[in-house]
Amino acid sequence: MNMGLFTLTEEQEMLRKVIREFVEAEIAPKAHEWDEQNYCPTELFGLLGEMGIIGTFVPEEYGGAGLGFIERSICLEELGRHSAGLAISVMAHQLCMGGILFFGTEEQKQKYLPDLASGKKIGALSLTEATGGSDFMGQKSTGEFKDGKWVLNGRKCFITNAAVADIDLWTVITGKNEKGRPVMTAFLIDKDTPGHTSGRVEHKIGLRSSNTGDVSCVNVTLGPEQMLAQEGSGPKIALSTIQEVGRAGMSAINVGILRGCLEESVKFSNERIIYGKPLNKLMNIQFAIAETKLDYETAWLLTYRAAAMKDQGLPCAGEFAQSKYLATEGAIRSAKRTIDLMGGYGAINEYPVGRFLRDALAGSTAGATSDVLKVVIAAETLKR
Ligand SMILES: Cc1cc2nc3c(=O)[nH]c(=O)nc-3n(C[C@H](O)[C@H](O)[C@H](O)COP(=O)(O)OP(=O)(O)OC[C@H]3O[C@@H](n4cnc5c(N)ncnc54)[C@H](O)[C@@H]3O)c2cc1C
């Protein structure tokens with residue numbers, strides 16, 4: 001990215017063109033049906049892997065595309081433009097990959113990353129529990145060290161890819177520190193490990209082409225080599241992954257939804273004739289389009305600025321909190337505005353704008369609610 005002009009490089013624009021053509025041909029025509037049928041098209045992960053959409057930021061030595069977070073944002077924005085459901089499935093898969101890439105041992109990277117980056121295997125990050133979402137240290141799952149093995153027990157909820165994941169990154173409480181506070185540790189669990197099962201599948205208001213549900217561990221026994229980083233590294237792994245991979249991904253997906261709102265508004269208002277003229281001759285319709293354009297541009301700039309900072313190794317958690325807040329809230333506002341602009345047609349499922357609104361609403365909690373993000377942004381601002 002040319003930071004002076006804040007535009008993408010020629011190579012990044014070329015990548016966008018290729019991904020856009022692919023998404024328009026392979027994803028867009030099926031997105032409505034997947035949403036109606038609550039269907040997560042996991043069979044596409046191999047193809048998405050071949051396109052470099054999945055392993056974008058994974059180095060080539062581990063089977064990835066060896067690119068950065070700007071390129072990842074481009075891929076998720078393009079996917080999110082037509083299927084935010086499939087996009088969150090890819091995004092959550094990348095949470096697992098990011099955890100391994102940034103915190104794993106060389107052996108763990110060699111073992112897991114090539115299959116994950118190519119889309120041969122699917123990943124999940126299981127952090128949230130009934131007692132621990134925003135308050136993630138409130139989780140109750142446990143890990144006990146017995147006879148040289150770790151034994152995990154507990155239940156996670158709202159996990160993206162719960163029923164389709166081959167590799168599940170879990171956090172559990174493995175004890176208490178000297179101050180009596182819980183010690184959280186992360187583990188990698190292979191799908192067929194006895195006692196590890198997916199449970200209830202959620203029927204969501206939106207993002208319906210992603211799989212979301214419960215995952216349980218009942219006496220899941222793991223060797224010490226399945227621990228990610230050290231005992232007690234759980235909060236660092238969870239926070240860094242959620243902040244810099246999760247919120248980054250949700251920002252880009254919502255930028256995609258915002259572009260969808262903008263394009264649908266322009267197309268509809270050009271074609272719809274009322275009072276003998278195109279709808280776009282009305283001043284309030286022009287204002288609606290201007291407001292959606294502003295929501296899109298501000299979300300785009302914040303998302304790509306934060307991604308550029310991540311690629312430059314700069315601290316960027318605060319910037320991703322800002323981008324996720326603006327992109328999510330902007331997408332909700334703009335989808336509602338687009339429905340209003342379309343009159344009765346906005347209520348008809350043949351148009352994708354209803355899905356845009358449901359997707360934006362369903363995704364607003366994932367990776368932190370907007371109020372939690374405001375808490376983070378205020379804390380950062382006050383600190384400075
Ligand atoms: C579609 C979807 C996909 C998801 N995917 C995953 C996944 O892959 N892995 C995973 O681990 N989790 C996942 N989640 C869970 C998600 O991360 C949590 O739902 C989120 O962190 C909020 O936690 P909670 O649901 O417990 O809500 P709560 O934390 O109980 O929030 C309830 C209310 O309290 C407010 N609140 C909470 N804390 C504060 C605070 N400090 N200050 C002010 N207000 C506050 C919130 O804004 C909210 O209004 C997913 C959720 C959804 C909806």
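Label 7 Å along Cα→Cβ of A347; segment 243-267 residues with amide nitrogen under 20 Å?
Only 265 fall inside the zone, counting backbone N under 20 Å.
Estimate the FRET efficiency between D190 and L282 by the formula 1/(1 + (r/R0)^6), using the beta-carbon distance for r and 56 Å for R0, to the nearest 0.05.
So the FRET efficiency works out to roughly 0.45.
Using 0.36 nm per residue of separation minus the Cα-Cα distance, give me the extension gain between Q230 and E106 in nm, one decimal.
Using 0.36 nm per residue and subtracting the Cα-Cα distance, I get 43.2 nm.
Please name which of T174, L222, A299 has its Cα lying farthest along the dipole of the chain towards the positive end, using unit charges on Cβ (Lys, Arg +1; Asp, Glu -1) and the Cα centre as origin.
Highest projection toward the positive end goes to A299.
Carbon and sulfur together cover what percent of the accessible area of the chain at a 1.4 Å probe radius?
Carbon with sulfur: 55 percent of the solvent-accessible area.
Under a Cβ-only charge scheme (Lys and Arg +1, Asp and Glu -1), can you give me the dipole magnitude of the chain about the Cα centre, in debye to the nearest 20?
Charge dipole, the chain, about its Cα centre: 1140 debye, nearest 20.
Suppose a student asked you for the relative contact order of segment 237-383, using Cα pairs under 8 Å spaced at least 6 residues apart; what percent would you report?
32 percent
Using a Gaussian network model of the chain with C-alpha springs under 10 Å, which one of Q230, Q37, Q108 is most mobile by mean-square fluctuation?
Sorting by GNM fluctuation, first place goes to Q37.
Cα centroids of segment 311-373 and segment 1-50: how far apart, whole angstrom?
Answer, in whole Å: 18.
What number, in percent, do you get for the relative contact order of segment 10-122 if the mean sequence gap of Cα pairs under 8 Å and at least 6 apart is divided by its residue count?
Once normalised by length, the contact order is 33 percent.
Expected output is a single nm value to one decimal: the length gained when fully extending between E33 and K176, i.e. 0.36 nm times separation in residues minus the C-alpha distance. What is it?
Result: 46.7 nm gained on full extension.
Arranged from highest to lowest average of other beta-carbon atoms within 10 Å per residue, in what order do the peptides 208-217, 88-97 appear?
The peptides rank, most packed first, as 88-97, 208-217.
So, with +1 on the Cβ of K and R and -1 on the Cβ of D and E, and no other charges, what is the size of the charge dipole of segment 255-379 about its Cα centre, to the nearest 20 debye?
180 debye
Using only the alpha-carbon atoms, what does segment 63-122 span along each of its principal axes? Please give whole angstrom values in decreasing order.
37, 21, 17
Semi-axes of the equivalent ellipsoid of segment 1-105: what are they in whole Å, largest first, if each equals the square root of 5 times a C-alpha gyration tensor eigenvalue?
Each semi-axis is √(5λ); the values are 23, 19, 11 Å.
Looking at the chain, send over the antiparallel percent of its DSSP beta bridges, to the nearest 5.
85 percent
How large are Rg and Dmax for segment 293-384 when only the alpha carbon atoms are used, in Å?
Expressed in Å, the Cα Rg and Dmax of segment 293-384 come to 15.3, 48.
Viscosity 1.306 mPa s, temperature 10 °C: give me the Stokes-Einstein translational D for the chain in µm²/s, with Rh taken as the Kirkwood radius over C-alpha pairs.
Answer from the Stokes-Einstein relation: 75 µm²/s.
Mind ranking 264-276, 168-180 by how tightly packed they are, going by the mean number of other C-beta atoms within 10 angstrom, highest first?
Ranking, from highest mean packing down: 168-180, 264-276.
Over the chain, with the other protein chains present, what is the accessible area per residue in square angstrom, probe 1.4 angstrom?
43 Å²
Could you sort the peptides 222-228, 283-289, 117-123, 354-360 by per-residue average Cβ neighbour count (10 Å cutoff), highest mean leading?
Taking the mean over residues of other Cβ atoms within 10 Å, the ranking is 354-360, 117-123, 222-228, 283-289.
Per 5 Å bin, what percent of the C-alpha pairs of segment 102-204 does each bin hold, from zero upward?
All Cα pairs, binned at 5 Å, distribute as 2, 11, 20, 23, 21, 14, 7, 2, 0 percent.
Considering the dipole of the chain built from charges on the beta carbon (Lys and Arg +1, Asp and Glu -1) around the Cα centre, which of A317, H82, P114 is farthest to its positive end?
A317
Helix 84-103: angle to the longest alpha-carbon principal axis of the chain, degrees 0 to 90, nearest 10?
Helix 84-103 and the main axis of the chain meet at about 40 degrees.
The values are calculated or read from the model by the stated rules, or taken from the named source; none is laboratory data. Remember, it's a predicted structure, so these values are computed and weren't measured experimentally. Here Cβ is always computed from backbone atoms with ideal geometry, including for glycine, and neighbour counts include all displayed protein chains. Ligands, DNA and RNA are excluded from the accessible area calculation, which covers all protein heavy atoms including side chains. Shrake-Rupley method; radii C 1.70, N 1.55, O 1.52, S 1.80 Å.
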